[in-house]
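Enquirer: One structure follows; several queries about it will come next.
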Amino acid sequence: MDAEVDQQFQPDLNCVFVGRDVFGRFSLVFAQEADNIIISDLTQTSPLLCSKTSWNEVPYAQVCSIDTRSNSALLHSYLPSYPEGVLEPWSAIFDSFCFESVPTKDSLIKVSRTTDWPGSNHLDEFLKKLVDATRSMIPTGSECIAVAFSGGVDSLLVAVATHLAYASERRIDLVNVAFIRSSEVDSSHRSVVTDRKRAIAGFTFLRSKYPDRKWRLILADVTQEEMEKHRSEHVVRAAAPALSVLDESLACVLWFALRGFGRNYDNDEEIRSQARIYFVGSGADELFAGYARHRTRFERDGAGSIPEECEAELCRLGSRNGGRDARVAAVLGKELRAPFLHDDFVAWANCLPMQLKCDLSLPRGKGEKLILRQVLAELGAPHDAPKQAMQFGSGFVKMQNNKALKGSDISSVLLEYQDGDCVRE
């Protein structure tokens, strides 16, 4: 077995060790052609592969030792099991494959059932932990950082944390994306998109609360023509091997956010952020019961069922956005940082009693992610917006104008690219 890998090879053991973190925050994909295995962070061309070779994601939450002599693998997983379709493509490439579950990362996926909290003020501690996580993610000497900024409670709190963690003389760019029809470019529609209104309100708060910081709100207005051009030229490759309609929409929104190009809210001039590091609010919904399915479970089975639902979300998280988003960032030469998913923050949040994190007896916009809303309320920030997925809040789904499509459906755009030649440059 030949292998081109960016991982750790131990020649004395004839073993390659390949792994991904619990939440799949970084990308690792693989392909097989005859006896050759290619492992990479992006789908790519290789003389070892034909154009029709399919790529898949290396499973998350595991370290796998591959014996190069016998083409056998032993996978040590941090999870007891995986969603269907995650493990099967990987295990199929080996002549012998063994699975072993090891509980060494339980603090990141097990949620406390306790109702007691002996700690100090949990809101103060929440913000301190988030700021500490954010600070650890900022490279030394960074002249500018950016936040993918929808204006919702997740990204607003991340913006606050970046301010408190980052050198006061440095600039923070907030990039907000709105998809608009060409006929509406010169109209007021750009401020009607839900995320745009929230972003402006959040930016106004941040500038008022922290006036000594250099803030810039960059408004990325994307026409259908521009979206289709970048989707066909760049996004399809960055998203691969992801295939769903949801993957397509989220990859497009993130692409235009990380591109960092748009209008300066203050003077309407076109600008581009020079930031290489982009902060995102990923993980808040899983940790603090932000999804509609949390509320559905609460209404069906009561408050006692929510810790179990959060555990299920945390265990599935690595199969969703992390790898795809990391590939989108990599193609643009950017890196993503998710403070809510910092190991120390997750372990702390998982120890909190559930009643401090959410109260799903309250209406939407109040009870989900309650702790985030309470922290923002103490700061005097907007905090009562209901969750809206970014493909809806940014106007991407409306631009597509196809109500029959579901997020789980196969994207014809991504499928056409990957069926045609998913490894072309």
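Coordinate-derived values only; no laboratory data. All values derive from a computational prediction rather than experimental measurement. Cβ placement follows ideal geometry from the backbone for every residue including glycine, while neighbour counts extend to all protein chains displayed.
Enquirer: Taking each pair of different alpha-carbon atoms in the chain once, compute 1/r for the pair, average those values, and report the inverse of that mean as the Kirkwood hydrodynamic radius in Å to one decimal. All intermediate terms of the calculation are to be shown ahead of the outcome.
Expert: Working: mean 1/r = 0.0443 Å⁻¹.
Final number for the Kirkwood radius of the chain is 22.6 Å.
Enquirer: Along Cα→Cβ, 7 Å out, is where each label goes; now give me the distance between the ones at S232 and I93 in nm to one decimal.
Expert: Once both label points are built, they end up 3.1 nm from each other.
Enquirer: Can you work out the Karplus-derived ³J(HN,Hα) for every residue in segment 355-367? Use 6.51 cos²θ - 1.76 cosθ + 1.60 with θ = phi - 60°, whole Hz, and x for glycine or proline.
Expert: 5, 7, 9, 7, 9, 7, 7, 7, x, 4, x, 10, x
Enquirer: Now for a different question. 7 Å from Cα along Cα→Cβ at both T115 and D384: what's the point-to-point distance in nm?
Expert: According to this spin-label approximation, the distance is 2.9 nm.
Enquirer: Give, rounded to the nearest 20 debye, the magnitude of the charge dipole that segment 76-123 has about its Cα centre when Lys and Arg contribute +1 at Cβ and Asp and Glu contribute -1 at Cβ.
Expert: 280
Enquirer: In this model, which of K357/K406; K334/K406; K209/K334; K110/K366; K229/K334; K110/K197 are farther than 27 Å apart at the alpha-carbon? Don't skip to the answer; put the middle values down first.
Expert: Working: K357/K406 30 Å; K334/K406 30 Å; K209/K334 29 Å; K110/K366 25 Å; K229/K334 20 Å; K110/K197 37 Å.
Beyond 27 Å between Cα atoms: K357/K406; K334/K406; K209/K334; K110/K197.
Enquirer: Show which aspartates and glutamates lie in cross-link reach of K214 when reach means a straight Cα distance below 16 angstrom and same-chain residues fewer than eight apart are skipped.
Expert: E143, E169, D173, D266
Enquirer: Amide H neighbours of I180 under 5 Å, at least 5 residues apart or on other chains, H built in the peptide plane: list them.
Expert: The answer is V222, T223, Q224.
Enquirer: Where a Cα-Cα gap under 18 Å defines reach, which aspartates and glutamates qualify for K128, not counting those fewer than 8 residues away within the same chain?
Expert: Within the straight-line cut-off, K128 pairs with D154, D343, D344, E378.
Enquirer: Taking every DSSP beta bridge with both residues inside the chain, roughly what % is antiparallel (nearest 5)? Don't skip to the answer; put the middle values down first.
Expert: Numbers: 29 of 58 bridges.
Of all bridge pairs located within the chain, approximately 50 percent are antiparallel.
Enquirer: Sorting check: for 71-77, 136-142, which peptide has the highest mean count of neighbouring beta carbons within 10 Å, and how do the rest follow?
Expert: Working: 71-77: 18.0, 136-142: 11.9.
Put in order of decreasing packing, that is 71-77, 136-142.
Enquirer: A further question follows. Set the Förster distance to 41 Å, then compute FRET efficiency between D35 and T140 from the Cβ-Cβ distance, nearest 0.05.
Expert: Numbers: r = 44 Å, r/R0 = 1.07.
Taking R0 as 41 Å, the efficiency between D35 and T140 is 0.40.
Enquirer: Moving on to the next point. So if R0 is 41 Å, what FRET efficiency would D124 and T104 give, r being the distance between their Cβ atoms, rounded to the nearest 0.05? Could the numbers behind the result be given before it?
Expert: Working: r = 30 Å, r/R0 = 0.74.
Efficiency computed from Cβ-Cβ geometry: 0.85.
Enquirer: Another question about this same structure. As an exercise, use a Förster radius of 22 Å and the Cβ-Cβ distance of R316 and K406 to find the FRET efficiency, rounded to the nearest 0.05. Please report the intermediate quantities before stating the final value.
Expert: Working: r = 18 Å, r/R0 = 0.81.
That gives a FRET efficiency of 0.80.
Enquirer: Then there's this: Taking only complete DSSP H runs, can you tell me which helices of the chain stretch 20 Å or more along their own long axis by Cα positions and average at least -1.0 on the Kyte-Doolittle scale?
Expert: Values: long enough: 122-136 (21 Å, -0.49); 194-209 (23 Å, -0.62); 245-259 (21 Å, 1.29).
Those that pass (Cα extent of 20 Å or more, hydropathy at least -1.0) are 122-136, 194-209, 245-259.
Enquirer: Another question, then. What's the exposure ranking of T68, T43, T115, going from fewest to most Cβ atoms within 10 Å? Write out the running numbers ahead of the final one.
Expert: Values: T68 17, T43 27, T115 9.
So the residues, fewest neighbours to most, are T115, T68, T43.
Enquirer: What are the residues whose amide H is under 5 Å from the amide H of R20, where those residues sit 5 or more places off or on another chain and H is modelled from the backbone?
Expert: A61, Q62
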